[in-house]
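What follows is a single structure, written as structure tokens, with notes after it.
The numbers here are math on the coordinates, done by the rules we state, and not lab data. Because the structure is a prediction, the values reported are computed rather than measured. Don't worry about glycine lacking a Cβ; one is built from the backbone with ideal geometry, like all the others, and counts go over all protein chains shown.
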Amino acid sequence: MNKHAFALGFAALALAGPVAADETSGAGSTFVYPVMAKWITDYAAQTGIKVNYEPVGSGLGMKRIKDAAVDFGASDMPLKPEELNKLEMGQFPLVIGGVVPIVNIEDIESGGIRFTGPLLADIYLGKIKNWHDPAIQGINPGLKLPDLPITVVHRIDGSGTTFNWSNFLAKTSSEWKTKVGEGTIVEWPVGLGRKGNDGVASLVDVTPGSIGYIEYAWALGKKDLAFGLVQNKAGNFVGPSVETFKAAASSADWIGEENFFLVMTNAPGEQSYPITAAVIILMYKQPRLLWISSSGRWRVVRRRPRRSTTCRCHQLSCNRSRLIGKLNLPG
């Protein structure tokens, strides 16, 4: 685990809740959940502060933070600056990963099959229906593909993974861009739908001839599934890895983008993985209404508590960078 990334990420999340609080709540991206779960455990062990995170999908996570039902939302799709300003929210990147195509084809191992953006788009448009199709065989010379129907699997919940997948397809296929477009939810021309990365992975796992898309960390946890190489902007077929994610991230100008509004798909670079994505944390710029109970602890309330001799209402204003510097985080 990268110590600096861990410290910065959880310091920022801590600011979503009240100072000296026992608990912070968040919801959203299933993409980030594998690493988030690990961080939460380590952070609680070192600080005693509990972070409750529900991997309900980016769409529902954004809804919950907009409704102030949680302290922070996590999404794989950044919000546009104008929407953030209207909501009086801020956002920043937490981690970077990638979305990978996964297949269930006998004798095909991870890295053993190649895809291009237009090819993936045609499969998800329903134009290519069989693994023996010349379009697939043509970019996989020497690979013996079966005469087997393709079963397309996709997400049905509001998903940042879907956003990055559909965004990449829209950038590489004009037909996909025109007919389907991009978003956390799209109108799928064909296929079977499941909720969450795990739902897609599980269905592909039990369906011979199927193809789906999931976050890389989920793919690593499914040893019976194979992920494919994807052609990048430089024309190279690249697999997902820390190195290829870093290559894609090296071209990202986070500082130059207003409110960190940046989509990393189809990034330039010889070794860049083309469906690299960032998980974005969403929070209100102004802290929630806080009150002090008779025990002296800060608590968050969704509405002002009734008048009482045992509590005092405050609107807390804090310096984010100063607090980040003071937080004692694990390495």
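Descriptive notes on the structure:
- Euclidean distance of C-alpha centroids, the stretch 185-217 and the stretch 56-75, integer Å: 23 Å
- FRET efficiency, residue 205 to residue 82 (Cβ-Cβ, R0 30 Å, nearest 0.05): 0.15
- Peptides 86-95, 24-33, ordered by how many other C-beta atoms sit within 10 Å of their residues on average, highest first, read 24-33, 86-95.
- Spin-label model distance (nm) - residue 178 vs residue 284, 7 Å beyond Cα toward Cβ: 4.5 nm
- For the stretch 98-277, alpha-carbon Rg over 2.2 N^0.38 Å: 0.97
- Label point distance in nm, residue 243-residue 92, each placed 7 Å from Cα along Cα→Cβ: 3.1 nm
- Each Lys and Arg Cβ is given +1 and each Asp and Glu Cβ -1; about its Cα centre, the stretch 98-277 then shows a dipole of about 220 debye.
- In this rough spin-label picture, where each label sits 7 Å from Cα along the Cβ direction, the residue 44-residue 67 distance is 2.4 nm.
- Förster radius 51 Å - calculated FRET efficiency between residue 187 and residue 23, Cβ distance, rounded to 0.05: 0.85
- The stretch 178-195 - phi-based ³J(HN,Hα) in whole Hz, Karplus 6.51/-1.76/1.60, Gly and Pro as x: 6, 8, 10, x, 9, x, 6, 9, 10, 8, 6, x, 8, x, 10, x, 9, 8
- Of 66/86; 177/222; 63/177; 127/223; 80/233, pairs whose Cα-Cα distance is over 20 Å: 177/222; 63/177; 127/223; 80/233
- GluC sites (Glu not before Pro) lying in DSSP loop within the stretch 227-291, provided at most 16 other Cβ fall within 10 Å: 257, 270
- As a proxy for reagent exposure, ranking 225, 145 by other Cβ atoms within 10 Å from fewest up yields 145, 225.
- Nearest-0.05 FRET efficiency for residue 37 and residue 144, computed from C-beta distance (R0 30 Å): 0.15
- Rounded to the nearest angstrom and listed largest first, the equivalent-ellipsoid semi-axes of the stretch 154-199 from its Cα gyration tensor are 18, 11, 8.
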